[in-house]
1. Only bridges with both residues in the chain count here: give the DSSP antiparallel percent, nearest 5.
2. Output the peptides 36-48, 95-107, 142-154 sorted from most to least packed, where packing is the average of other Cβ atoms within 10 Å over each peptide's residues.
3. Classify the chain as rounded, prolate or oblate from the Cα gyration tensor: take a ≥ b ≥ c as the square roots of its eigenvalues, call it rounded if a/c is under 1.5, otherwise prolate when a/b beats b/c and oblate if not.
4. Using helices alone, I'd like the mean residue ellipticity at 222 nm for the chain: each DSSP H run of four-plus residues gives -39500 (n - 2.57), total over residue count, nearest 500.
5. Quick check: residue separation of LYS180 and MET84 times 0.36 nm, minus the Cα distance between them. What number comes out in nm?
6. Once you've got the GNM for the chain with C-alpha springs shorter than 10 Å, pick whichever of GLY165, GLY54, GLY32 has the biggest mean-square fluctuation.
7. Points 7 angstrom from Cα along the Cβ direction at ARG57 and GLU148: gap in nanometres?
8. Quick one: which of 79-88, 199-208 comes out on top by average Cβ neighbours within 10 Å, and what's the full order, highest first?
Amino acid sequence: MRTRILAALLSSAILPAAGCGGAGKSPGSPGGWKDLFDGKTLTNWKSTSFGGEGAVRVEDGQIIVEPGVDLSGIHWTGGDIPRMNYEFSVEAMKLEGSDIFCGISFPVGESQCSFVMGGWGGGIVGLSSIDGMNASENETTKVMAFPEKKWHAVRLRVTPDKIEGWINDELVVNVATKDKKISIHPMMEPSQPLGLATYVTRSAFRQVRIRRLP
């Protein structure tokens, strides 16, 4: 997934991503959070067959994804996942590597999309895809720094009019979806309907949750 076209971006000033801080706190909402990971097993999750994927295991209350040839990760098999008017949250940590340490595939109505952290050499954040353009080239593209061994709290909100995303309570994605084509990056298609993925990077995940919005 690396590309040379972003060399100038990545060599310029990179915004630091603050630490996880109060990651255990949930923002207020009429809907309650549902835990999708019990901290002990991969019940209702399955290792995604990307081809050449790394091993996945549970260790110390965390989902550990080992690096593979390209993408590695897991996807939800437990059913009952909302496709609209919901929030999804997870805490992610890059353990070793220099590319995507947190890729989230998620439903947007009848479509799918993916949220990328640390892509294209380690710094790109954004959605793939909007009107056929991936996270490195559309209006959601940002460049941020993600040091190893630091937790980051991630939250996505999907409503009929927009997709929003926060990293450590900082709004990093706020895109209106009306009259836009929302799709998922082809490499992430096996991770539907809801999945976590990495790209040649060793990562840890915990606190995987979802809640319906009124």
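1. Antiparallel bridges make up about 95 percent of those DSSP assigns within the chain.
2. For the peptides 36-48, 95-107, 142-154, the packing ranking is 95-107, 142-154, 36-48.
3. rounded
4. Counting only the DSSP helices, I get -500 deg cm²/dmol.
5. Full-extension gain reported as 33.0 nm.
6. Comparing GLY165, GLY54, GLY32 in a Gaussian network model of the chain, the most mobile one is GLY32.
7. Distance between the two pseudo-spin positions: 1.9 nm.
8. Most protected by this proxy first, the peptides run 199-208, 79-88.
Where a number appears in this text, it was derived from the coordinates with a stated rule and is not lab data. Only a predicted model underlies this, so the values are computations on that prediction, with no experimental measurement involved. When we count neighbours, we look across all protein chains shown, and the Cβ atoms used for this are built from the backbone with ideal geometry, even at glycine.
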